[in-house]
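The values are calculated or read from the model by the stated rules, or taken from the named source; none is laboratory data. Quick caveat: nothing in here was measured; it's all calculated off a predicted structure. Cβ atoms come from the backbone with ideal geometry, glycine included; neighbour counts cover every protein chain shown.
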Amino acid sequence: MVKVDLEIRVRKTISIGEVIFYNQDLIAFYFNDDITIGVAEVKEMVYVTRELTGGEVDLLNLVVTGERNNISTQAFSYDLFKELNIKQRTVAEAVVIKNLPTRIMANFYYKAIRRSFPVKVFDSEEDAVSWLFSSKCPD
């Protein structure tokens, strides 16, 4: 397991939770409970990411869901980075999902709708962060 000491560079509250940009180019999205993520929320996340990082950093993404979160099919498959011509690149993405039914559904979606970077679903934030950094710097 990769041990990582994270320091917060900057944090920002958004309509569906909080975004934190950590050292070592890790950006984390912490979602509130009982939300639905649509295209508008995805756009907000991308704009805030660009604002916090400058938009041209290779990032590790950490997504920590709340209880009873939903994401629309349109939002899940929406490629806003391409639409806005943002040069930022995702190296890897780890998604922390707290309940089993949603975790099963997310694993299905990630197999059905492929990303251009590795994505893995976890039930622990510590395991997710460790995997992200092992993806960035394989031994």
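A residue that is under 17 Å from L132 (Cα atoms) and of a type in the set (A, V, I, L, M) cannot be found anywhere in region 30-43.
Do we find that V57 is surrounded by 15 or more Cβ atoms within 10 Å (Cβ to Cβ) and at pLDDT 90 or above in this structure? Taking the combined requirement at face value, the residue does not satisfy it.
Taking the residues in region 77-98 that are assigned to a helix (DSSP H, G or I) and not aliphatic (A, V, I, L, M) as candidates, determine which candidate is modelled with the highest pLDDT.
Ranking the candidates gives S77 first.
Scanning region 42-51 finds one or more residues that are closer than 22 Å to I104 by Cα and modelled with pLDDT under 90. Within the set S72, S77, the sole residue that is in contact with a Gly (Cβ under 8 Å, 6 or more places away or on another chain) and surrounded by fewer than 19 Cβ atoms within 10 Å (Cβ to Cβ) turns out to be S72.
With the condition kept exactly as written, say whether any residue in region 115-135 is under 20 Å from I8 (Cβ atoms), modelled with pLDDT of 90 or more and among the aromatic types (F, W, Y). Yes, because at least one residue in region 115-135 is under 20 Å from I8 (Cβ atoms), modelled with pLDDT of 90 or more and among the aromatic types (F, W, Y). Filtering region 98-115 for residues that are among the small types (G, A, S) and either in contact with a helix residue (DSSP H, G or I) (Cβ under 8 Å, 6 or more places away or on another chain) or without any contact (Cβ under 8 Å) to a residue 12 or more places away in the chain (or both) leaves a non-empty set. Candidates are the residues of region 99-119 that are touching an Asp or Glu at 6+ places or on another chain (Cβ under 8 Å) and outside any helix (DSSP H, G or I); the one that is surrounded by the most Cβ atoms within 10 Å (Cβ to Cβ) is V119.
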